[in-house]
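Worksheet: the structure to be examined is printed underneath.
Throughout, read-outs are computed from the coordinates displayed, never taken from laboratory work. Predicted, not measured: the structure shown is a model, and the values here were computed from it. Every residue, glycine among them, receives a Cβ derived from its backbone with ideal geometry; neighbour counts consider all protein chains shown.
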Amino acid sequence: MSEAELARGVILAHGSMADGLVSAVRRIAGGAAEALIAVSNDARSPAELKAMLDDLARQGPLVVFADLQSGSCGMAALSTCRQGPGCAVVCGVNLPILLDFVFHRDLPLDELLPRLVAKGRQAILPASGPG
Amino acid sequence: MPIVLYRVDERLIHGQVVLGWGGRLHPDRYVLVCDDIADSVWEQDLYRLALEPGQEAEFVTVAAARDRLGEWRDDPRRTIVLTRDLGTMRELARGGLLEGEEINVGGIHHGLDREQVLPYVHLGTAERRALEELVSEGVTVTARDLPDAHRVSLERLLH
């Protein structure tokens, strides 16, 4: 499968969260993090965000990872991806989701999406130390 | 309870509004005043996704909003009125409809002819004119992105 056929991921988040997540993926998964693009909504209008996502979606399969569905990031992502089957949105992104994505982005989106959401949910759990 | 907030924000319903202001003001309803969205079912569905449980949203044209302002003020439901731009808020205010009210400017991003006056407010000729017209309608205008942020006066915005 060529690089152009592999899904790319855009992390669209508030402040510097997206940069931080890409940095964490790079630290754990090395060069696989190149599949991710970090975008902050800082100082960007809804129209700018949507135009950026529209452009990326035209280039090949795309998964937009938004931090918050109810935020401008989630809204821009959902607005873009309603237009085509080659674009999907996952809201509430966390690190386990991204790690799974960079290693399984060869999967068709309709198979990849449920897998990512399951991975993200599985990673949120109450934990306690020994004793 | 009357309308608890009038806000101009390009993003309309989003995190700062629903969580930041919503957490403080506890609105039951958001009214989005926008001629385009009032005619766009998919955009309305999108904005409804952002609501907290128990909240509702109405999507109305400027003309409809002008007719219904009194109804919303008399309604027991706590309401936040949002417009995407200053021009729409000015149209809502025409004829003194918002006289004595305070308008919160919460998010106008950069664009053609606009210059940054605050990190979240960019004003061009049209925006400055709309601000002056709002004042002439008896409206107080201040800028504040979140309720615990410093309230910035109109004088500071315009100079």
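Descriptive notes on the structure:
- By average C-beta atoms within 10 angstrom, highest first, the peptides B:37-43, B:51-57: B:37-43, B:51-57
- Residue-averaged beta-carbon neighbours from other chains (10 angstrom radius) around A:63-73: 4
- Most mobile of A:24, A:33, A:66 in a GNM of chain A (Cα contacts under 10 Å): A:24
- In the stretch B:22-159, a dipole from Cβ-located charges (positive for Lys and Arg, negative for Asp and Glu) runs towards its positive end, and of B:134, B:95, B:154 it is B:154 whose Cα lies farthest in that direction.
- Taking amide H as placed 1.01 Å from N in the peptide plane, the amide H of residue B:103 sits under 5 Å from that of B:140, B:141, B:142, each at least 5 places away or on another chain.
- Sorted by Cβ density within 10 Å, fewest first, the residues A:12, B:112, A:107, B:86: B:112, A:107, B:86, A:12
- Per-residue [θ]222 nm for chain B (sum of -39500 (n - 2.57) over DSSP H runs n ≥ 4, rounded to 500): -8500 deg cm²/dmol
- Residue-by-residue Karplus 3J(HN,Hα) for the stretch B:83-90, coefficients 6.51, -1.76, 1.60, Hz, glycine and proline x: 10, 7, 8, 5, x, 5, 5, 4
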